[in-house]
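One structure is given here, and the rest of the page talks about it.
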Amino acid sequence: MTKSLPKRAAVVIIGGGIQGLSIAFNLFEQGQRDILVLDAGYFQGGASGRNGTLIRPGFASVAWTELFVLTVREWESWSKRLGENIMFTQRGYSVISEQEKSEAMLLEGLKVQQSLGVRSRMLTRREIDDLLPAINKSRVRAVQHQTDGGVAPHHAVMKGLLAFCHRNQVDVRYRTRITGLERTTSRVTAVLVGEHRIEADCIVACAGPNNPDIAALAGVALNGFGMRIEAMALEPTRPLIKPAIALIDSLAYFHQTSRGEVVGGTEVPERPRMSLKVDLPVMANMAKVYLDMFPQLGEVRILRHWAGQLHASSDFAPLLGEHPQLKDLWFSAGWSYGFAGAPAAGKLLAEAITKGRIDHRMQPFSLDRFEKTGPIVEGGIVLA
Ligand SMILES: Cc1cc2nc3c(=O)[nH]c(=O)nc-3n(C[C@H](O)[C@H](O)[C@H](O)COP(=O)(O)OP(=O)(O)OC[C@H]3O[C@@H](n4cnc5c(N)ncnc54)[C@H](O)[C@@H]3O)c2cc1C
């Protein structure tokens with residue numbers, strides 16, 4: 001494997017999850033050639049093959065909403081541009097509040113979303129009945145519904161991205177771990193895979209929970225920590241839940257697939273924890289949250305339960321851009337909504353790398369925001 005690796009590439013991308021592949025795809029579309037993607041694990045082995053697959057345009061802050069409005073627009077064109085059906089279905093995304101405080105946040109967020117052109121509204125009681133007939137109405141305080149949100153199965157998306165790379169000579173290697181980075185005082189110059197050195201004009205790190213380790217290989221720091229979250233799938237049942245769902249107070253999200261399985265997760269309270277081992281109490285908590293909101297799910301059994309790892313920044317917002325202390329080392333990191341966000345991140349980072357243009361939608365997520373402008377405050381995410 002190491003022997004057949006090239007000695008140089010214009011762009012080396014570290015990590016072949018959805019972030020790495022989206023950046024490779026967008027770089028290629030924007031005219032970049034000689035792109036090499038290296039991943040330590042197996043195809044879809046990271047969070048990109050373990051997530052809930054939920055996608056939505058609207059949050060409570062301008063920064064998040066502008067980024068995710070772009071991402072949904074990009075999702076809408078991916079099947080055509082990739083030449084592969086990635087099965088993105090815009091069945092809507094409902095954010096459900098059970099408490100006064102979260103209802104107020106949803107109402108504030110609605111103003112932000114509508115000012116940015118998001119098709120969202122608070123549902124009336126009758127609309128809740130029509131759209132979510134199986135919901136436990138006694139628990140629901142308010143529902144914010146985003147018409148253009150939805151889901152895209154990760155296997156179809158990842159397969160589509162990889163097929164595009166293969167057709168276009170974007171070199172993607174799995175089971176190839178970056179073990180070192182070389183640098184001068186001001187910029188990175190090469191990646192090391194064991195003894196093998198690959199010179200690069202530009203290096204983009206999308207290594208999920210290992211992003212801080214990649215930064216450390218170059219002798220710089222990166223904000224954030226690794227964390228584990230868990231998800232589960234219930235056996236197929238009749239259609240009960242049409243839109244994708246976020247329960248903002250219970251920190252849960254799920255949807256019902258076209259096969260009828262209910263898939264999603266809740267946050268794992270303790271962190272940081274870098275393990276792929278699942279916990280029985282977490283599964284029990286997830287089951288309780290689902291049942292409280294959709295009691296009819298009590299009829300079905302749990303099919304699977306799994307864990308995945310993320311790199312979370314200290315404000316849970318992505319970290320997008322060049323490292324402030326090291327030229328030519330770029331990051332797409334800090335992602336908790338990194339499946340949904342990958343199309344926008346790929347587009348904006350590819351533009352920044354090829355044209356030197358930092359889009360205003362990427363600017364707020366710069367790596368040095370904590371020292372410069374402060375953390376991004378976003379109340380609409382399903383993370384504590
Ligand atoms: C249970 C769960 C549910 C989720 N639900 C959603 C959801 O509904 N919607 C949403 O938007 N997001 C969701 N997410 C988050 C989303 O999955 C991630 O934010 C996203 O997949 C991150 O993509 P990535 O490419 O950065 O990371 P990953 O897919 O983790 O890829 C990182 C890759 O880097 C590689 N790597 C690490 N170190 C090295 C190294 N030294 N050298 C080479 N390669 C290396 C790894 O092998 C890995 O393949 C969920 C995550 C989990 C775990």
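The table below lists the values:
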read-out: Residue pairs meeting the criteria (Cβ under 6 Å; at least 6 apart or on separate chains; first within 10 Å of the ligand (Cβ to nearest atom), in the range 164-183; second hydroxyl-bearing (Ser, Thr, Tyr)); value: TYR174/TYR42
read-out: Subset of the range 132-147 (residues that are in contact (Cβ under 8 Å) with a residue 40 or more places away in the chain and among the small types (Gly, Ala, Ser)); value: ALA134, ALA142
read-out: ALA104 in contact with a Pro (Cβ under 9 Å, 6 or more places away or on another chain) and more than 30 Å from GLY17 (Cα to Cα); value: no
read-out: Any chance PHE59 is touching a residue at least 12 places away in the same chain (Cβ under 8 Å), in contact with a helix residue (DSSP H, G or I) (Cβ under 9 Å, 6 or more places away or on another chain) and assigned to a loop (DSSP other than H, G, I, E, B); value: yes
read-out: The range 223-241 - residue that is under 29 Å from PRO318 (Cα atoms) and surrounded by fewer than 21 Cβ atoms within 10 Å (Cβ to Cβ) and, of those, farthest from the ligand (Cβ to nearest atom); value: PHE225
read-out: Test result for ASP279, at pLDDT 95 or above and not basic (Lys, Arg); value: no
read-out: ARG56 vs. criteria charged (D, E, K, R) and either closer than 22 Å to SER97 by Cβ or away from the ligand (no atom under 14 Å from the Cβ) (or both); value: yes
read-out: Cross-chain or 6+ apart pairs with Cβ under 6 Å, the range 295-309 first and more than 22 Å from LYS277 (Cβ to Cβ), then within 16 Å of the ligand (Cβ to nearest atom) and not in a strand (DSSP E or B); value: LEU297/TYR290
read-out: One residue from GLY31, GLY41, GLY46 being small (Gly, Ala, Ser) and surrounded by 20 or more Cβ atoms within 10 Å (Cβ to Cβ); value: GLY46
read-out: Selection from the range 250-277 of residues that are small (Gly, Ala, Ser) and within 21 Å of the chain's Cα centre (by Cα); value: SER250, ALA252, GLY264, GLY265, SER275
read-out: Matching residues in the range 191-211 - criterion: being within 14 Å of the ligand (Cβ to nearest atom) and assigned to a strand (DSSP E or B); value: VAL191, LEU192, VAL193, HIS196, ILE198, ALA200, ILE203, VAL204, ALA205
read-out: Of all residues making up the range 212-267, the number that are within 30 Å of ASP328 (Cα to Cα) and either of a type outside the set (Val, Ile, Thr) or touching a helix residue (DSSP H, G or I) at 6+ places or on another chain (Cβ under 8 Å) (or both); value: 15
read-out: Subset of the range 182-209 (residues that are within 18 Å of the chain's Cα centre (by Cα) and within 21 Å of ILE35 (Cα to Cα)); value: VAL204, ALA205, CYS206, ALA207, GLY208
read-out: The lone exception for ARG173 - which of (1) closer than 28 Å to ASP279 by Cα; (2) modelled with pLDDT of 95 or more; (3) touching a Leu at 6+ places or on another chain (Cβ under 8 Å) it fails; value: (1)
read-out: Residue tally, condition within 14 Å of the ligand (Cβ to nearest atom) and among the small types (Gly, Ala, Ser), over the range 26-42; value: 2
read-out: Every residue from the range 226-245 that is under 15 Å from the mean Cα position of the chain (by Cα) and either acidic (Asp, Glu) or at pLDDT 95 or above (or both); value: GLU230, ALA231
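Let's see how each residue does on (1) more than 23 Å from ALA156 (Cα to Cα); (2) touching a strand residue (DSSP E or B) at 6+ places or on another chain (Cβ under 7 Å):
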site	(1), (2)
ILE248	yes, yes
SER258	no, no
VAL262	no, yes
PRO281	yes, no
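Each row is one residue, and each column tells you yes or no for (1) surrounded by fewer than 18 Cβ atoms within 10 Å (Cβ to Cβ); (2) out of contact with any His (no Cβ under 7 Å at 6 or more places or on another chain); (3) in the same structural domain as PHE339 (by TED's automatic domain parsing); (4) over 27 Å from GLN30 (Cβ atoms).
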position: VAL170; (1), (2), (3), (4): no, yes, yes, no
position: ARG173; (1), (2), (3), (4): yes, yes, yes, no
position: ARG177; (1), (2), (3), (4): yes, yes, yes, yes
position: ARG183; (1), (2), (3), (4): no, yes, yes, no
position: VAL193; (1), (2), (3), (4): no, yes, yes, no
position: GLU199; (1), (2), (3), (4): yes, yes, yes, no
position: ALA207; (1), (2), (3), (4): no, yes, yes, no
position: ASN210; (1), (2), (3), (4): no, yes, yes, no
position: ILE214; (1), (2), (3), (4): no, yes, yes, no
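The values are calculated or read from the model by the stated rules, or taken from the named source; none is laboratory data. Since the structure is predicted, the reported quantities are computational estimates derived from the model, not experimental observations. Don't worry about glycine lacking a Cβ; one is built from the backbone with ideal geometry, like all the others, and counts go over all protein chains shown.
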